[in-house]
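Report on the structure given below.
Coordinate-derived values only; no laboratory data. Fair warning: this is a prediction, and the values are worked out from it, not measured in the lab. Cβ: placed from backbone, ideal geometry, glycine included. Neighbour counts: every protein chain shown.
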Amino acid sequence: MQKSLLIDSDVLIDHLRKEKNAFDFFTAEVEKGSLLFISVISRIEILAGMRSGEEVMVNNLFEILTPIAVDEAIADKAGEYLRKYSKGHDLNIGDAIIAATAKEMELGPVTRNVKHYPMKDIEVIRPY
């Protein structure tokens, strides 16, 4: 069965840093035909942290990911998450938007930072 996954920036960074677990995860998902998405928030985070000489590698990675922009429904859901989780869980706006993107687009969010996503209405996937 084809999966649709929203890849968080930590997993993308691992891949860019040539971490074997991340490489194996991406390879397996591409071979299975999974649809791989990225929030524009994660794209910003990757571009902001890009090292000199990584431009080609980053652009190649972006080519296999479908970007998802923030629309009104995602913004509304992110606001709801921030109201509910920002105090007790120290939720930041970026993670709220990524979680809202996953919820509104019905995607499985893939991250190693499971604690950043305390929402009960999304099923976070820890890839390795």
All lysines inside 21 Å of Lys103 as judged from Cα atoms, apart from same-chain residues fewer than 8 positions distant:
Lys3, Lys77, Lys84, Lys87, Lys115, Lys120
Relative to the compact-globule estimate 2.2 N^0.38 Å (N residues), the Cα gyration radius of the chain stands at a ratio of 1.02
For Gly108, what is the net charge nearby, where nearby means another residue's Cβ is under 10 Å from its Cβ and Lys, Arg count +1, Asp, Glu -1?
-1
Euclidean distance of C-alpha centroids, the stretch 5-26 and the stretch 58-78, integer Å:
17
Below 8 Å, C-alpha to C-alpha, sequence gap of six or more: please give me the relative contact order for the chain in percent.
30
